Each structure stands twice: as structure tokens, then as C-alpha cells.
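Each remark here refers to the structure printed beneath this line.
Any read-out appearing in this document is the output of simple, stated calculations on the displayed coordinates, not a laboratory observation. Note that the structure is a prediction, hence the values are computed from the model and not measured. Here the Cβ is made from the backbone with ideal geometry for all residues, glycine too, and neighbour counts use every protein chain on show.
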Amino acid sequence: NWTPAQIIEDQIARVRDQVGDRHVLLGLSGGVDSSVVAALLHKAIGDQLTCVFVDNGLLRKAEGDQVMETFARHMGVKVIRVDAEDLFLDKLKGEADPEAKRKIIGNTFIDVFDAEAAKIEGVDFLAQGTIYPDVIESAAAKTGKAHVIKSHHNVGGLPETMKLKLVEPLRELFKDEVRKLGVELGLPYDMVYRHPFPGPGLGVRILGEVKKEYADILREADAIFIEELHRADWYHKTSQAFAVFLPVKSVGVVGDARRYEWVIALRAVETIDFMTARWAHLPYELLETVSNRIINEISGVSRVTYDVSSKPPATIEWE
Ligand code: XMP
């Protein structure tokens, strides 16, 4: 009969025992798992922890700043922020295939992380936010998206020359337990209970080729959607909700002038396990507010649609 406080105490003791006075490196993504590991390790070993946060330019609005605010400013965790937007966009240039985009983003992440890690001296351990379902999944040796992403988020591709030993304090925990630990460790509720966000980020929510212009528009649209979901008290009634950028020009009229502008699709689903999902029956008034705000506040968007497809066959993400 474990409480979050007991698990934390137990893990702190184990981590201290494992790493002694050595240094630990952690890839911080801003997601729940790596965030909880960061908070836990900071509590256990303080300055012996260095986090690397790679901003790939495909994050949600203000996400990078929030990560720095929470960990670096408030908690005093050592976080190195790498601004790699240009590099990611450059590597993605001209690529429209979803799986190829995933690979590019994953590989670029590993390159950037490794280059940063190589600059830090005296690191013997690599911490990862592996949780119990990841362990099961790797054991089953499944291939496919989830595996690819986990290996990219959790940095499975570190060069062997680094010879880092792993620290995985969440290995025996389920997601809901990890969340409780996060709250107990003082992480903001909104961070701990945020909807899941794919490793490739907006890279798979911009259909086809990724461009900065598209990412900037999508960030704004997504932020409006999420803000209104919170305001209407619908955020936590959905399992995942986000905007998608469609690189399609649709006609709109402003005054007498016809304009051809981009389309934003809204997606919101309810699901238990993310294997199947039902589109969320959001109130029309909420959809109307979101649509009006997106069209009025974001230049370049003239049309908003709502995705009424369930999974299967439609996946939750559009790519
Ligand atoms: P789909 O689109 O397959 O998504 O119905 C199911 C869940 O997985 C997430 N997802 C990903 N997560 N890397 C990730 O880390 C990916 O490449 C990826 N693709 C989908 C998706 O957001 C949803 O929660």
C-alpha cells in the first residue's frame, strides 16, 4: 500500500545509492515522464543532475519558456536549453512523407542531444523517463510509432562510446502513479495533467512539408483552442485535443475581396487507451467561439473545420 510520498522517498534513496557522487544527464522534453524524473532526481542529487532541453521549433506556444520557467527558475534545476529550430526546419525541408518526417525529427534530436551531452564533462549516468508500459512494450519487441518515439524521447540512440549507465526511477510505475508523484514533487498541476503530445510535435500536425510559417500559425490556433477548452471546462473531459494545419488554400471574403487562405482542423477525442477513440462531442457554442477567434485573430486562416472521425479507422493524429 504505497503512497506517492513513500515511493519518492524510496526512489531518492535508490538513486543516491546508485549514482553516489557522480553526474547524471537527462533529456527533458516537458512531457510528464521526463519532468517527473527531473523533479525526482533534483530532489535526490541536486546539482549532480544536468538536463538538456532541445527546442526543435515544433513545440506548442510558449512551451519552451514554460519548461525553463518551471525547472530552471522555480526549482533551480540545471537545464541547458538548445535552440535547434533552424536545424530541424532545415532537415525537414522538402520532406512531405509522415514516417520520413518522424525519422528526421527523431534522428536530429539524437544528434543534437549527443552533441550537447559530449560538451558536459564527467557524466556517468543517463536518466530516462521509462515507465512500466514502455518496459512491457520493449519486452514485446514491438516496432512501430510508439517504439520509435520512445526511443527518440528516451534517447535510445546514444553512441556506445558514451558508456552511460541508466537511471530509470519510473520503471515500475504506471502513468497515473507517475502523475501523482509529479504533484507530490510540486510540479504544476497543468503540466502533470496535460494531454499527451507526440515526440515529433507539430511536425506531424502540419500535413506534408513543415515550414516555419505553418508552425507559427498552428501554434496560435492550437493555443486558442486549448485556452477555450479550459475556459469552457472541457479540457479534462477530453483525452487529447489539438489543432492541425492543412496546407490547403480555401476561399474567404473580407469586405469585397476574396482571399485564399489556410485551413485549420480541430481534433478532440475521448479515449481510455489511445488504441481506440471517439471524437469528442464538444458543444457547438464552444466550437463557434474557437472558430471565430482563430479566423479573426490569426491572419492567413479563413476556415476552421472540426474532425468527426473516430479511431478506428481514423488515427488520433492526422499523420
Ligand atoms: P494515433 O495517431 O496513432 O495516436 O492514433 C495515438 C497516440 O499516440 C500519439 N502519437 C505519437 N506519439 N510519437 C509520439 O510520441 C509519434 O510519432 C506519435 N504518433 C502518434 C498520439 O498523439 C496519440 O496520443
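Things worth noting here:
- Mean separation of Cα pairs under 8 Å and 6 or more residues apart, divided by the residue count, gives region 275-319 a relative contact order of 53 percent.
- Dipole orientation for the chain: of the candidates Leu286, Ala127, Gly46, Leu286 has the Cα lying most toward the positive pole (charges on Cβ; Lys, Arg +1; Asp, Glu -1).
- Rounded to the nearest 20 debye, the dipole magnitude of region 4-192 is 220 debye, with +1 charges on Lys and Arg beta carbons, -1 on Asp and Glu beta carbons, and the Cα centre as origin.
- Choice from Val304, Val37, Val248 with maximal GNM fluctuation in the chain (Cα, 10 Å cutoff): Val248
- Only Lys, Arg, Asp and Glu carry charge here, each on its Cβ (+1 for the first two, -1 for the last two); on that basis the chain has a dipole of about 380 debye about its Cα centre.
- For region 111-133 and region 13-47, distance of Cα centres in Å: 11 Å
- Rg then Dmax, both in Å and based on the Cα atoms of region 4-192: 16.1, 51.
- A Gaussian network model of the chain, with springs between Cα atoms under 10 Å, assigns the largest mean-square fluctuation among His23, His42, His74 to His74.
- If you look at the Cα atoms of region 205-306, you get an Rg and a Dmax of 14.0, 49 Å.
- Residues Asp233 and Ser299, FRET efficiency given R0 of 35 Å [Cβ-Cβ distance, rounded to 0.05]: 0.75
- Percentage relative contact order, region 205-306, counting C-alpha pairs under 8 Å, at least six apart: 28 percent
- Relative contact order for region 4-192: 30 percent, from Cα pairs under 8 Å spaced at least 6 residues apart, divided by residue count.
- Computed from point charges on the beta carbon alone (+1 for Lys and Arg, -1 for Asp and Glu), the dipole magnitude for region 205-306 about its Cα centre is near 280 Debye.
- As a calculated quantity, the FRET efficiency between Thr289 and Tyr193 at R0 = 30 Å, using C-beta atoms, amounts to about 0.85.
- For the pair Met75 and Asp10, label points projected 7 Å from Cα toward Cβ lie 2.1 nm apart.
- One decimal place: the segment Lys311-Ala118 gains 65.3 nm when fully extended, by the rule 0.36 nm per residue minus the C-alpha distance.
- Between the beta carbons of Ala139 and Asp273, assuming R0 = 22 Å, the FRET efficiency works out to 0.75 to the nearest 0.05.
- Options Ala277, Phe113, Ala84, ranked by Cα towards positive dipole end of the chain, top entry (Cβ charges): Ala277
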